[in-house]
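The values are calculated or read from the model by the stated rules, or taken from the named source; none is laboratory data. Owing to the predicted nature of the structure, the values given are computational and were not obtained by experimental measurement. Glycine gets a Cβ as well: all are built from the backbone with ideal geometry, and neighbour counts include every protein chain shown. Note: accessible area is taken over every heavy atom of the protein model, side chains too, but ligands, DNA and RNA are not part of it. Shrake-Rupley method; radii C 1.70, N 1.55, O 1.52, S 1.80 Å.
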Amino acid sequence: MESVLALGGLVLLRDSVEWEGRSLLKALIKKAALCGEQVHILGCEVSEDEFREGFDSSINSRLIYHDLFRDPLSWSQTGEALPGGPLGALQAMCRRTDPGPFTIALDSLSWLLLHLPCTALCQALCALSHQHSRPGGSCLAEPVRVLGLLHEELHGPGPLGALSSLAQTEVTLSGAMGQASAHILSRRPRQRPALQTQWFSILPDFSLDLQGGPLLESQPHPDPHTAPVDPTAHVTFNLHLSKKEREAKDSLTLPFQFSSEKQQALLRPGPGQATSHIFYEPDAYDDLDQDDPDDDLDV
């Protein structure tokens, strides 16, 4: 899991109905807060109280919560809604001037995809995750890290592919026999993507308990959006023989196989077949000397 927070940029947390990802999102938020980072949370799916539940006071004091859950469409007119709605909140985060480490948690990207055009959301995420300078032109000390929770079963391949192309790290949650695992796909500049698998559990205080020993060895990972090609999908012949076809093949005598039976049949005519003879009369100039048939060539 260290590699998830080691890089800046967009980190996609892809969960499913069987394996929810909000607990892992909160665990990564806690880890970032304990490292002294500023953590901004754009809450869309649950209330602020529910999201902060489980964190102790020292962690909650370091979290800046932007609440879209209470009034996402600004209908209450109480002044509590975020100006500009969800897109305005994202754009406001792009205008930060703090030089220190900065983490933004989006709970969730799926909610934002359902309320914003995919192109506008991708542009805002790109501006966030590639933010390296202040408006005045000086460089920020640390890049921005964006943690985005994505319920991938709610979206088609188009939005998923667009978000995946922006992400520096993708964490896909799965598991077996009640044990959760994270498949971590990391993309580093000028390096091939690497895939790691980590078994883990999350404690009640949202601390990560890594299990199963060290991470598996990193392996080169192909582009996840390129469908695997089956070389046997469109062949015009069978690649495998049935038992009956194999027996027929083994019993067939091929024409170029000169078996002993075929040789005997050619040398010994069968009954009722006409026989032939070859008569040869030597010419006067024929050389019958078998010792040196080429002596007339003077070689």
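With the structure loaded, tell me whether LEU25 is surrounded by 18 or more Cβ atoms within 10 Å (Cβ to Cβ), within 21 Å of the chain's Cα centre (by Cα) and at negative phi or whether it fails that test.
Here the answer is yes, as LEU25 does meet what is asked.
Using the structure shown, decide if SER23 is assigned to a helix (DSSP H, G or I), of a type outside the set (Lys, Arg) and farther than 27 Å from PRO189 by Cα.
yes
Just to be sure, is ASP98 modelled with pLDDT under 90, open to solvent by 40 Å² or more (accessible area, probe 1.4 Å) and either in contact with a strand residue (DSSP E or B) (Cβ under 8 Å, 6 or more places away or on another chain) or under 21 Å from HIS151 (Cβ atoms) (or both)?
Spelling it out, ASP98 is indeed modelled with pLDDT under 90, open to solvent by 40 Å² or more (accessible area, probe 1.4 Å) and either in contact with a strand residue (DSSP E or B) (Cβ under 8 Å, 6 or more places away or on another chain) or under 21 Å from HIS151 (Cβ atoms) (or both).
Give me the pairs: first residue in the stretch 1-24 and over 12 Å from THR172 (Cα atoms), second residue assigned to a helix (DSSP H, G or I), beta-carbon distance under 6 Å, and six or more apart or on different chains, which are they?
Every condition considered, the pairs that remain are GLY9/SER129; LEU10/LEU125; LEU10/SER129; LEU10/LEU166.
Do you know which of the residues in the stretch 1-22 that are β-branched (Val, Ile, Thr) and at pLDDT 90 or above is surrounded by the most Cβ atoms within 10 Å (Cβ to Cβ)?
Per the stated criteria, the residue is VAL11.
If you scan the stretch 54-82, which residues turn out to be at pLDDT below 65, loosely packed, with under 10 Cβ neighbours inside 10 Å and not hydroxyl-bearing (Ser, Thr, Tyr)?
If the condition is that a residue be at pLDDT below 65, loosely packed, with under 10 Cβ neighbours inside 10 Å and not hydroxyl-bearing (Ser, Thr, Tyr), then GLN77, GLY79 are the ones that fit.
Are there any pairs with C-beta distances below 6 angstrom linking a residue in the stretch 37-62 that is within 24 Å of GLY8 (Cβ to Cβ) and part of a loop (DSSP other than H, G, I, E, B) to a residue that is modelled with pLDDT of 90 or more and open to solvent by 30 Å² or more (accessible area, probe 1.4 Å), with the two at least 6 apart or on different chains, and if so which?
CYS44/TRP111
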